[in-house]
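Before any comments, here is the structure.
Each value in this text was obtained by applying a stated rule to the coordinates, not by laboratory testing. In this text, all values refer to a predicted model and were calculated from it rather than measured experimentally. As a convention, Cβ positions derive from the backbone with ideal geometry for all residues, glycine included, and neighbour counts pool all protein chains shown.
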Amino acid sequence: MAASSTLITVAPTGAEADKSAVPALPVTLNELVLTAKECEAAGAAVIHVHIRDDEARPTLDPGRLADTVAALRAGTDLIVQLSTGGAVTDGFAARLAVLDAAPDACSLTCGTVNFGDEVFHNPWPFIKDLYQLTQERRVVPEFELFDLGHVATLHRLLAEFGPPAVGHVHCDLVMGVPGGMPGDVATLAAAVAALPAGATWSATGIGRTTLPVIFGALGAGGHLRVGLEDTLSYARGRAVARNSELVERAAELARIAQRPPMSPADARAFLGIGSAS
Ligand code: KMH
Ligand code: ZN
């Protein structure tokens, strides 16, 4: 489905980068809320959230997650999407428990993938448990697809368990992970062609695939995810200074494509958040 505006998601932190090497990374709650406000002003409608502990290490601490959801809701109108992927070291029980923080939305990765030198584990039993939990709790899943095989698993999930509680299927193509599908336009087109009928999608290109994936997604009617989780470089030899400059660039390119950024309110309607049935 082509949209007349562009849903922009910011993924400001992730679980991989080190604060010591990337000072712009928001790791405290104050830094995260400040970043969220800047990114909302720049055109983001959704925030994909990973949190850190007092030593800036990735954590899925339930209390911190609940505080984070509350603080982002108090400080912004952004749709709060918690990561259930966490870090590659996180266990399945802790990843399922992320939904106890009652976010608007959560990521749901549809398969295991090599992740650089690591493995990001998403076996079928975990995928279906997490999906059914999203249905029970009415949390909007964003199906994260790192590979074409993940698209096949999404079809299986929908065939066996029906649509999400909100009725709408929204996906994010995560491209250019070392071990996942490459971040190029030919692969983007193949992945989009394989999606379930009626599904909407955004795309993000990791590292140097960021710009080709943005241009391909805008040209193909898709939506965008940007942020320090996905790229640390703004341009060759120039580090990202703050997340909001990635959102500003995405928003400007979306405007040039005649599909300006979607407001958080329109994004809620688009994703079915708050729908009655
Ligand atoms: N940190 C990666 C291992 C997600 O947020 O759901 C997983 C990830 C996906 O970032
Ligand atoms: Zn993530």
Problem - For segment 134-171 versus segment 38-60, the gap between their alpha-carbon centres in whole angstrom - result: 23 Å
Practice task
Pick out, from V247, G237, G221, the residue whose Cα sits farthest towards the positive end of the charge dipole of segment 202-272, with +1 on the Cβ of Lys and Arg and -1 on the Cβ of Asp and Glu.
Solution key: G237
Practice task
List the residues whose amide H sits under 5 Å from the amide H of E144, counting only those 5 or more places along or on another chain, with H placed 1.01 Å from N in the peptide plane.
Solution key: L108, T109, C110, D172
Practice task
Determine the principal axes of the Cα atoms in segment 44-203, then give the extent along each, sorted from largest to smallest and rounded to whole angstroms.
Solution key: 41, 37, 32
Completion exercise
Quarter of the surface of the C-alpha convex hull for segment 133-218, i.e. direction-averaged projected area in nm², equals 5.6 nm²
Completion exercise
With +1 at each Lys and Arg Cβ and -1 at each Asp and Glu Cβ, the charge dipole magnitude of segment 49-208 around its Cα centre, to the nearest 20 debye, comes out at 300 debye
Handout entry: Residues whose placed amide H lies under 5 Å from that of V177, excluding near-sequence neighbours
Key = I206
Handout entry: Charged-residue dipole, Cβ positions (Lys, Arg, Asp, Glu), the chain about Cα centre, Debye nearest 20
Key = 560 debye
Handout entry: Dimensionless Rg/Rh of segment 204-268 - Kirkwood Rh, Rg from C-alpha atoms
Key = 0.96
Practice task
Starting from the amide H of A11, placed 1.01 Å from N in the peptide plane, find each other amide H under 5 Å away whose residue is 5 or more places distant or on another chain.
Solution key: H48, V226, G227, L228, E229
Exercise for the section: Please give the calculated 222 nm ellipticity per residue for the chain, where each DSSP H segment of at least 4 residues contributes -39500 (n - 2.57) and the sum is spread over every residue; nearest 500 deg cm²/dmol? Expected result: -11500 deg cm²/dmol
Problem - Shape category assigned to segment 91-161 from the gyration tensor of Cα positions, a/c cut at 1.5 - result: oblate
Fill in the blank from the handout: Everything considered on the Cα gyration tensor (a ≥ b ≥ c; rounded for a/c under 1.5, else prolate if a/b is larger than b/c, else oblate), the chain must be described as rounded
Problem - Burial order of peptide ranges 124-130, 49-55 (average beta-carbon count within 10 Å, highest first) - result: 49-55, 124-130
